[in-house]
Every structure is written in C-alpha cells, then in structure tokens.
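What follows is a set of notes on a single structure, which appears directly below.
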2 protein chains.
Amino acid sequence: VSPRRSVAEALTTREAIVARAVEVSSLEGLEGLTIGRLATDLEMSKAGVLGHFGTKQALQLSTLEAALGIFRAEVWDPVAEVDAGLPRLLALTDRWIGYLEDGPFPGGCYVTAVSTEFDGRGGPVRDAVSAAVRTWDAVLAREVRTAIDAGDLPQETDPAAVVFLLGAIAVGTNQAVQLLGDRRAPRLARAAIRTALHAG
Amino acid sequence: VSPRRSVAEALTTREAIVARAVEVSSLEGLEGLTIGRLATDLEMSKAGVLGHFGTKQALQLSTLEAALGIFRAEVWDPVAEVDAGLPRLLALTDRWIGYLEDGPFPGGCYVTAVSTEFDGRGGPVRDAVSAAVRTWDAVLAREVRTAIDAGDLPQETDPAAVVFLLGAIAVGTNQAVQLLGDRRAPRLARAAIRTALHAG
C-alpha cells in the first residue's frame, strides 16, 4: 500500500464516519452522537473512529460542517445562478421549504435540531451553529437589499424584519412537519413567504 | 405522623422533584433528565426519587405536564378575561412573546426544546408534546374565528394560515433569542404579529 493510497483510504473512511455521524446526529443530536455507536454502525473500533478526529468535539464540528454543506448543496447551490434579489429570494425560499418538507436529514432541519440542543450551552459547537445561522441570515439580507434597490420591495422595507420572518416561517414549518406531521404546513409557508415578499 | 400528614409530605416532595425536573429538562432535555442527577440535586436517594413516579417515563410526563401548566399560567390565564377574538389574540400573543423574551424556563420555550428532542421518536412523551401543540393551535384558531365573526379580521381569512404564522413567529423568536441572543427579535415578532392580524 503506497502512502498516497493510505491517505485516500483514510479520507474515504473519514468521510464514511462523517456521513454516518450526520445521519445519527440528525435524530439523536450532536451530544447524543457517541463514538461507540458510530464504531458499531461502521464495524470499526472506537479508537479507529476517534483516530480520524482526535476528540469528540472535533468529530461534532466536522459533522456540523458536513451537514451545512448538504444544506448549501440542497438550497443554495441550485439557485446561485438565478438573478439576484427577488427572483433568487423566491427560488431559494421555495427550495428551503422543499428541504424542510422532504429533505436529506431524517430529523428535519439539521441546524434547528442542534440549535435547541446547544443553545443553553457555551463552547465551539454552539458558536459554530450560531455562526451558520448568522451567515445564512446575512445571505438573505443581501438578497432583500438587492430586491429593495431593484424596486421589487418597497423602499421602506426593513431587511432585518423580512429576514426574521423568513427564518420564523422556516422553523415553524420544520416544527409542524416534524412534530405534528402537518402536511399543509409547506403550502401555508409558501403562501406566507409570498405575502412577506409582496409577491402574492 | 398521621396518614394525612404523610400524604401531604409526599405531595410536597413530589412537587419539589417535578419543579427541579422542569428546570433541568429545560436545558438538558427530557431524555437528558436522569434520576441520578435529580437525586443529587435534591439530596435524595435514587429510589426515593423514582418511588414517586414508578418509571422514568412517568416522571417525564409529569414534568412535561408541570411545564405546560407554567406556560398556561404565564400566557393564557392572565388574558382569559380579555374580550374573545382580536383583543384576546393581541393580549395573548404579546404575553407569548414576553414569555419567549424573558420567561420562566432557563432553556427558552419548553415545548420547542422537547419537540426537537422527541420529534424523531415515537412514544407517549412525543404524543403528549404533539397534543400540547395541537391544543394550543386549537385555542388560537378559536380566537381567530371569533375575530373573523366579529369583523376584526377579513371574512376570507384562513384560520389555519394565521395560526401557522403566529406559531412560526413564536418558534422563530425563540431561536433568535436562545441561539443568537438577538434582542431585536421580540420587537420584530410583535410587529410581524400585528401585520398578520391586520392590527398594525
């Protein structure tokens, strides 16, 4: 086995661990994610799993990063080429609701699941979750400002108010779908978003 | 010690356990709530704690019930005498946002905290959380229908759409306050509620 091959194998194993960690933590939380569970699921030793990360916290941060990458690939990447402003806002919020309705994570919105787990704690994982939400809010605010400048939203629109409402509709949709199995929620969410964006 | 006295003492101890269980589970979750932790906090034996409930699940259900009672006392009871319909909707949503801004639970909205913990699982605790959210939604829908009948909301208003949006604004406020420490969120939430209720 050449060194190059070893690095490739190590990367592949690491990716397999992270992929399984994303699935497990989507349902059980990032604190509920145990090295022992991953080792059993992947038929590895605990030391073999931990060796790829060093600490449980490093595994948690890598897992969160991977989940955020999946969100970007599902919601952002497909709309990156749509015209900035209202057209892109409508396209991305539509994908966002679709992601909440029938998404890649078994536990629904990944960030919401880990938010409530970590919001009462301090530490690097909580900081990384907060940073992800802030970054997404900043992306949305930029699109809202572009829509205002283009005349697609009223000049007096407060971008912070629109971003707050879009985020609220998303977390509300997630709770309705995940907890209540409410199948009307995505339709109500899309209608509420169009009202919020004056795009009824 | 008379039997009457024993019952009273047992009730008081049970209430003390539940009160502590509400605090701990608000931050750590209802699954994270352990008999050992409660026993340590209350300087009791594990058997002494468990004896009041029989099973951990019974303790979880009693804890949830107590938390729901606190929500009712904070949000519903103070507005029960306000005129039904729009006046009561505005009063109770105002108290609801106040509860999320600076409420009795260290981990923010209790139901949201336990929702994300249990929404990927089955069982009696999850059923009880769902039932609590459905009951609250039904309370809100009744007020919306009263407001429509009184002419305070347009006749064509869909109560389900208004209830969805009010719930979304609440969970969005909770996430903004708890995860981001966003102090503007309650103001944005109150404005969004007034827009949703055509009460700007």
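What follows draws every value from the coordinates through simple rules; no lab data is involved. Keep in mind the model is a prediction, meaning the values are calculated, not measured. Note that we place each Cβ from the backbone using ideal geometry, even for glycine, and neighbour counts take in every protein chain shown.
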* **Distances in nm from B:GLN57 to the matching label points in the other copies, shortest first (labels 7 Å along Cα to Cβ)** => 3.7
* If you build a Gaussian network model of chain A, linking Cα atoms that sit under 10 Å apart, which residue out of A:LEU165, A:LEU179, A:LEU50 swings the most? -> A:LEU179
* **Note, ³J(HN,Hα) from phi for segment B:181-192, Karplus 6.51, -1.76, 1.60, rounded to Hz, x at Gly and Pro** => x, 7, 7, 7, 4, x, 5, 4, 5, 5, 5, 5
* Any idea which of A:ALA58, A:SER45, A:VAL24 is furthest toward the positive side of the dipole for segment A:18-81, if Lys and Arg beta-carbons carry +1 and Asp and Glu beta-carbons -1? -> A:SER45
* Structure fact -> Distances in nm between the label point of B:ARG184 (7 Å along Cα→Cβ) and its equivalents in the other copies, shortest first, are 3.3
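At most 14 other C-beta atoms within 10 Å and a DSSP loop state: those are the exposed GluC sites (Glu not before Pro) I care about. Give me the longest piece of chain A that has none. Could you put the intermediate results ahead of the total?
On the way: sites that count: A:GLU43, A:GLU81, A:GLU156.
Value returned for the longest uninterrupted segment is A:82-155.
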* To do: For A:ALA150, place a label point 7 Å out from Cα along the Cα→Cβ vector, do the same in each other copy, and report the separations in nm, one decimal, smallest first.
  => 4.2
* Structure fact -> Most fluctuating of B:GLN178, B:GLN57, B:GLN155 in the GNM of chain B (C-alpha, under 10 Å) is B:GLN155
* Provide, as a two-decimal number, the C-alpha radius of gyration of segment A:142-200 over 2.2 N^0.38 Å, N being how many residues it has. => 1.25
* Got a sec to turn the phi values of segment B:68-84 into Karplus ³J(HN,Hα) couplings, 6.51 cos²θ - 1.76 cosθ + 1.60 with θ = phi - 60°, whole Hz, x for Gly and Pro? -> 5, x, 5, 4, 4, 5, 7, 10, 8, 3, x, 10, 4, 8, 5, 3, 4
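Near B:PRO104, within a Cβ-to-Cβ distance under 11 Å, what is the net charge of the other residues, with Lys and Arg +1 and Asp and Glu -1? Let's see the in-between values first.
Working: positive: none; negative: B:GLU23, B:GLU74, B:ASP102.
Neighbour charge sum, excluding B:PRO104 itself: -3.
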* Structure fact -> Expressed in angstrom and ordered largest first, the alpha-carbon extents of segment B:1-97 along the principal axes are 50, 35, 19
* Can you tell me the alpha carbon radius of gyration of the protein assembly as shown divided by the globular rule-of-thumb value 2.2 N^0.38 Å? => 1.08
* Karplus-derived 3J(HN,Hα), 6.51/-1.76/1.60, for each residue of segment B:54-62, Hz, glycine and proline x -> x, 9, 4, 5, 5, 4, 4, 5, 5
